[in-house]
Amino acid sequence: SIVGRAWAEHQVSYRYVVLGYVTGADSRGRRGVRVELRREKTGFSYLGETDADGFYVIVARLGDESAGEALHLRAESQALTLTARFDPDDHATERGTRVDFTARRPVESSTAFAGTLKRYLSQ
């Protein structure tokens, strides 16, 4: 049923969150930058856009079977390939990573993910 499927996608075990900031050479957040996360396996893309602080959030639909999957993240001319790292048996802990796009290069900081997500959700 459609209702059951929609409900399931809101469970931790069906999503992977990529979030972070896009900043310029002056270290200030850049508004309105399009950020794209593409699944290598399917070619499906998820889009996000930065807010006034340069912050973006992308929620991808990845199930337990997607652990270890390659994901391509791009913001303007910068890009990197991520690996969806999570424990497929853990259905309580949020899954995701943080990637900041600086003036020089994208930087992944998976250890900063949980705190950043918590701050975002508390707003």
- Note on the structure: Under Stokes-Einstein, region 71-117 at 4 °C and 1.567 mPa s, with its Kirkwood radius over C-alpha pairs, diffuses with a coefficient in µm²/s of 109 µm²/s
- Note on the structure: Sorted on mean Cβ neighbours within 10 Å (highest first), peptides 55-64, 113-122 come out as 55-64, 113-122
- Query: Under a 1.4 angstrom probe, counting protein chains only, how are 111, 102 ranked by accessible area, largest first?
  - Reply: 111, 102
- Message: Explain nothing, just the number: dipole magnitude of region 15-123 about its Cα centre with +1 on each Lys and Arg Cβ and -1 on each Asp and Glu Cβ, in debye rounded to the nearest 20.
- Response: 360 debye
- Go through 25-33, 90-98 and give me the packing order, highest mean Cβ count within 10 Å leading. 90-98, 25-33
- Task: Hey, for a label at residue 80 modelled as a point 7 Å past Cα toward Cβ, could you say which residues of region 13-29 have their backbone N under 19 Å away?
- Result: 16-29
- Each label point is 7 Å from the Cα along the Cα-to-Cβ direction; what then is the distance between the points at residue 91 and residue 119, in nm? 3.2 nm
- Task: Once you have all Cα-Cα distances for the chain, histogram them in 5 Å bins from zero and send the whole-percent values.
- Result: 2, 11, 22, 24, 20, 13, 6, 2, 1, 0
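Give me the number: length gained by fully extending residue 27 to residue 49, i.e. 0.36 nm times residue separation minus the C-alpha to C-alpha distance, one decimal in nm.
This chain segment gains 6.1 nm when fully extended.
The values are calculated or read from the model by the stated rules, or taken from the named source; none is laboratory data. All values derive from a computational prediction rather than experimental measurement. Don't worry about glycine lacking a Cβ; one is built from the backbone with ideal geometry, like all the others, and counts go over all protein chains shown. The accessibility values were calculated without ligands, DNA or RNA, using every heavy atom of the protein model including side chains. Shrake-Rupley method; radii C 1.70, N 1.55, O 1.52, S 1.80 Å.
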